[in-house]
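Sharing a structure below in structure tokens format, with a few things to ask.
The values are calculated or read from the model by the stated rules, or taken from the named source; none is laboratory data. Given the structure is predicted, the values throughout are model-derived calculations rather than measurements. Cβ placement follows ideal geometry from the backbone for every residue including glycine, while neighbour counts extend to all protein chains displayed. The protein model used for the area step is the full one, side chains on, heavy atoms only, and it has no ligands, DNA or RNA in it. Shrake-Rupley method; radii C 1.70, N 1.55, O 1.52, S 1.80 Å.
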Amino acid sequence: MSVDPKAFWEDKILSWERGRYQRVQTSGGLLERIADASSRSLRYRIRIGVELLAPHIKGKSILEVGCGSGIIAQDLISAGASRYLGIDIAENAIAIANRRKAELGWGDEITFKVGTIRELPPVQEDVVLSLGVLDWLTDEELEILFQRQGKAHFLHAIAEKRNTLSQLAHRAYVQVSYGYRTGAYRPRYFKASTIAALARKHQPGPFYAFRNRQLSFGALISSLPVGDPIAL
């Protein structure tokens, strides 16, 4: 079944943020409430992503791909980043981000824009961040992202391919919740070496993988020295 990614995320992103990241009960039914309650790993991913970047971004500019409603924009500025640009495919998420910026009085150093991977210009920022986007990209879109990213430092979250009960449960949840309707449009699982090999086409490395039990089967892949070196 053909699925429009923009329509998918316009429908999902805000309720998923509220349930999974902000722990606000949604009206998505029992299955979604169970998923919300089991999303501690996603909340940890948000927190540890900022913590891992903090020592490396003082005076640096940040591009967050798939920023949603800008949950961590101000956290990155507070950690020392000089500028932050967040892009997301979902117009409703960017509208919320801009509303939050106005209400909280964030400065011009924070900017949000609607955009897709295919529309991404060559990256001018110092560091590229994504905390959930790579799992949803096609092979072609992954190539585009790493090509446009070039030699900029990066920190990207992935769902790492593993034979674990938690990943089997996640695959089952995806299928029952929405996968039977979206067909091939569902999250993918990668090896850390696969992502590092994509990056190697555009920068020499080394590359690192940060893993923690609190991430469940997630991992953070980076050109910054966080985690363990990835063998290529």
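Hey, can you tell me all the residues within the stretch 206-232 that are out of contact with any strand residue (DSSP E or B) (no Cβ under 9 Å at 6 or more places or on another chain) and either free of Cβ contacts under 8 Å to residues at least 24 places away in the same chain or not in a loop (DSSP other than H, G, I, E, B) (or both)?
Correct list: R213, Q214.
Mind checking which residues of the stretch 75-97 are of a type in the set (A, V, I, L, M, F, W, C) and without any contact (Cβ under 8 Å) to a residue 60 or more places away in the chain?
L76, I77, A79, A81, L85, I87, I94, A95, A97
Take the stretch 101-113 and flag every residue that is surrounded by 17 or more Cβ atoms within 10 Å (Cβ to Cβ) and within 18 Å of W9 (Cβ to Cβ).
F112
Sticking with this structure for a sec: Residues to consider are Q175, Q203; find the one that is in contact (Cβ under 8 Å) with a residue 12 or more places away in the chain and open to solvent by less than 80 Å² (accessible area, probe 1.4 Å).
After ruling out the rest, the residue left standing is Q203.
Something else about it: Given the criteria surrounded by fewer than 17 Cβ atoms within 10 Å (Cβ to Cβ) and either in contact (Cβ under 8 Å) with a residue 12 or more places away in the chain or touching a Leu at 6+ places or on another chain (Cβ under 8 Å) (or both), does T164 qualify?
Against the criterion (surrounded by fewer than 17 Cβ atoms within 10 Å (Cβ to Cβ) and either in contact (Cβ under 8 Å) with a residue 12 or more places away in the chain or touching a Leu at 6+ places or on another chain (Cβ under 8 Å) (or both)), T164 qualifies.
Something else now. Could you list all residues from the stretch 145-177 that are within 15 Å of I87 (Cα to Cα) and over 14 Å from the mean Cα position of the chain (by Cα)?
Result: R148, Q149.
Anything in the stretch 93-147 that is in a loop (DSSP other than H, G, I, E, B), of a type in the set (S, T, N, Q) and within 23 Å of Y21 (Cβ to Cβ)? List them, or say none.
The one that is in a loop (DSSP other than H, G, I, E, B), of a type in the set (S, T, N, Q) and within 23 Å of Y21 (Cβ to Cβ): T116.
Looking at the stretch 152-159, can you tell me whether even one residue there is open to solvent by 60 Å² or more (accessible area, probe 1.4 Å) and either modelled with pLDDT of 95 or more or under 13 Å from C67 (Cα atoms) (or both)?
Yes, the stretch 152-159 contains at least one residue that is open to solvent by 60 Å² or more (accessible area, probe 1.4 Å) and either modelled with pLDDT of 95 or more or under 13 Å from C67 (Cα atoms) (or both).
To continue, here is another question. What number of residues within the stretch 125-143 are under 18 Å from C67 (Cβ atoms) and either within 16 Å of the chain's Cα centre (by Cα) or small (G, A, S) (or both)?
Qualifying residue count for the region: 12.
Just checking, which of P229, P225 is loosely packed, with under 15 Cβ neighbours inside 10 Å and in contact with a Pro (Cβ under 6 Å, 6 or more places away or on another chain)? Even if it seems obvious, please write down each step before you answer.
Values: P225 fails: in contact with a Pro (Cβ under 6 Å, 6 or more places away or on another chain).
Going through P229, P225 in turn, just one is loosely packed, with under 15 Cβ neighbours inside 10 Å and in contact with a Pro (Cβ under 6 Å, 6 or more places away or on another chain): P229.
Now for a separate question. In this structure, does T116 turn out to be farther than 18 Å from Y189 by Cβ, among the polar types (S, T, N, Q) and out of contact with any Leu (no Cβ under 6 Å at 6 or more places or on another chain)?
yes
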